[in-house]
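J.: Structure provided below as structure tokens; questions to follow.
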Amino acid sequence: MTKQRDFEHLLREWTDVGDERLPDRYLRAALHQIESTRQRGAWSAPWEGLIMRLQPAASILAVATVVILAIGAYLAFSANNIGGPPALTPEPSRTITAADLATIVLADTEAPEGMRHDDTVNGVPALIRPFNGVTDEDSAAALTQAGFVEGRYAEFSGDPGALLSWAALFETVEDAERSLALYETEIEADKGYGLGAGTDADIGDEGAYFEGDSVLNAGGTGPVGPTVHTRVYLWRIGPLVLAAGSYGDFSADDLRAVAEEMNARAH
Amino acid sequence: MERYLVQRSQRGDRHAFAELAAAIGDRLYGVAHRIMRDPEVAGDMAQQTLVKIWRDLPTLRDIDRFDAWSYRLLVNACRDEMRRQRGSRNHLQLVDQDSPIPDVSLSIADRDQLDRGFRHLSPEHRTVIILQYYLDYSTAEISTMLDVPVGTVRSRLHYAKRVLRAALEADARPAIDGGRSA
């Protein structure tokens with residue numbers, strides 16, 4: 001008898017035992033547990049895979065940067081010794097060194113209210129961090145920026161959303177200007193954040209404020225993420241490029257306060 | 001609405017997650033009950049999975065894949081639990097007889113035989129049966145969800161159905177094989 005039945009239909013019937021309700025005690029227990037369960041870093045997730053893939057390239061670039069700096073220092077020293085003219089590079093209000101980035105970028109102990117520190121990263125990976133949706137072309141442009149000295153970012157997340165405090169130091173103002181233009185393009189373009197032209201941020205030597213909805217990982221090679229409200233301050237002080245960006249409900253005033261604090265520390 | 005709740009939950013909104021958990025809890029429980037065949041264990045699996053969903057939600061890049069992703073977390077939890085139980089001797093129960101099981105055209109004897117056959121399946125074989133026949137996922141979708149080749153899904157389905165069919169046929173020929181089916 002059984003052989004004559006539609007076995008597939010029988011299996012569907014067997015699995016269809018009607019609607020079932022999760023007993024309340026399990027739901028309550030789960031919600032109680034999440035009160036003490038920390039989410040994995042929301043901001044960092046899309047970048048982790050990329051940074052892992054970039055590790056070999058990052059190592060090569062780091063070595064190359066050291067060699068270039070050593071040659072530059074040697075040439076500068078030689079030029080000074082034979083009485084050559086001093087460099088005409090405009091000076092920032094103070095000479096910023098790689099070590100200063102740790103005091104300019106928010107520290108892990110400076111998480112805004114309602115947020116927690118997720119990660120702090122130094123070096124070459126910092127160059128790629130402000131990109132949203134990274135293609136091979138993007139990563140090549142970010143990682144081969146002329147005159148890169150050091151980068152650092154710290155990220156935070158929590159109920160108000162996510163926050164990024166970011167800075168990259170270059171050898172010259174010209175290098176930093178090129179870098180600023182690169183990140184501006186990323187923030188404005190549809191294949192990046194798609195926020196369009198920013199407004200004058202009245203911060204640093206030059207800078208802009210951008211705000212709008214962004215599709216995470218838009219234009220990148222990975223899966224497209226959710227749409228989030230995004231705010232970004234991007235500015236330059238001499239050879240230093242800085243950014244303070246947020247996703248979600250982190251307020252415009254709070255983000256402005258973060259940007260001004262970073263700006264003050266860089267002077 | 002659910003998409004909005006997922007987005008809010010991804011950003012750490014516990015209130016949104018409470019709504020989301022209430023919305024998906026029954027579905028998770030239904031699948032876990034069918035795989036584990038035990039209402040208490042199914043409740044534990046649904047609870048564990050809700051906590052994992054909260055913890056890992058920020059790593060989900062494509063919200064459209066939320067359902068498949070959450071079921072994957074659930075079936076992984078069920079698989080781990082079944083392996084743990086087998087390590088301490090199998091105490092899986094038949095499907096709870098107090099559960100509301102509408103008897104359509106499937107006889108109680110057939111249902112019992114299928115339950116018995118199902119109990120002999122591995123976690124992987126149970127999972128593909130439930131994903132295909134209860135949730136109506138295609139073999140390609142199951143392949144993506146479980147991260148195994150489509151051919152593997154097909155072979156697991158083939159084997160699982162052979163076992164279940166054999167369980168039914170054993171019930172149909174008690175006089176021939178000496179009543180072994182009981």
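J.: In the range B:120-145, how many are aliphatic (A, V, I, L, M) and open to solvent by 30 Å² or more (accessible area, probe 1.4 Å)? Walk me through it before giving the result.
T.: First pass over the range B:120-145, keeping only residues aliphatic (A, V, I, L, M): B:121, B:128-131, B:135, B:140, B:142, B:145.
Retained after the next criterion (residues that are open to solvent by 30 Å² or more (accessible area, probe 1.4 Å)): B:135, B:140.
Number satisfying all stated conditions: 2.
J.: Among what's in the range B:46-67 and is at pLDDT below 90 and open to solvent by less than 40 Å² (accessible area, probe 1.4 Å), pick the residue that is nearest to the other protein chains (Cβ to nearest Cβ).
T.: Here the residue is B:P58.
J.: Next question, about the same structure. Out of B:G30, B:G43, report the one residue that is at the interface with chain A (Cβ under 8 Å from one of its Cβ atoms) and within 23 Å of B:S143 (Cα to Cα).
T.: Working: B:G43 fails: within 23 Å of B:S143 (Cα to Cα).
Matching residue, one of B:G30, B:G43: B:G30.
J.: Turning to a different aspect of this structure: Only residues that are within 12 Å of the chain's Cα centre (by Cα) and open to solvent by less than 20 Å² (accessible area, probe 1.4 Å): list them for the range A:143-175, please. Reasoning before the result, please.
T.: Within the range A:143-175, the first condition is being within 12 Å of the chain's Cα centre (by Cα), and the residues that meet it are A:151-156, A:162-168.
Selection gives A:G151, A:Y153, A:A154, A:E155, A:F156, A:A162, A:L163, A:L164, A:S165, A:W166, A:A167, A:A168.
J.: Give me the residue from the range B:7-20 that is assigned to a helix (DSSP H, G or I) and surrounded by 24 or more Cβ atoms within 10 Å (Cβ to Cβ) and, out of that set, nearest to the other protein chains (Cβ to nearest Cβ). Break it down into steps so the answer makes sense when it comes.
T.: Residues of the range B:7-20 assigned to a helix (DSSP H, G or I): B:7-10, B:14-20.
Still in the list and also surrounded by 24 or more Cβ atoms within 10 Å (Cβ to Cβ): B:9-10, B:20.
Working: B:S9: 9, B:Q10: 6, B:L20: 11 Å.
The qualifying residue nearest to the other protein chains (Cβ to nearest Cβ) is B:Q10.
J.: So if I check each of A:G204, A:G192, which one is buried (at least 16 other Cβ atoms within 10 Å of the Cβ), assigned by TED's automatic domain parsing to the domain that holds A:L127 and under 14 Å from A:T230 (Cα atoms)?
T.: Details: A:G204 fails: under 14 Å from A:T230 (Cα atoms).
A:G192 is the lone residue from the list that is buried (at least 16 other Cβ atoms within 10 Å of the Cβ), assigned by TED's automatic domain parsing to the domain that holds A:L127 and under 14 Å from A:T230 (Cα atoms).
J.: Looking only at helices (runs of 4 or more DSSP H) that fall completely inside the range B:91-182, which ones have 3 or more residues that are at pLDDT 65 or above and farther than 20 Å from A:H9 by Cβ? Working first, answer last.
T.: Working: elements: B:108-119, B:123-133, B:139-146, B:150-172.
So the answer is B:123-133, B:139-146, B:150-172.
The values are calculated or read from the model by the stated rules, or taken from the named source; none is laboratory data. Everything numeric in this text was worked out from a predicted model, so none of it was measured. Don't worry about glycine lacking a Cβ; one is built from the backbone with ideal geometry, like all the others, and counts go over all protein chains shown. Protein only, heavy atoms only, side chains kept; ligands, DNA and RNA dropped before computing areas. Shrake-Rupley method; radii C 1.70, N 1.55, O 1.52, S 1.80 Å.
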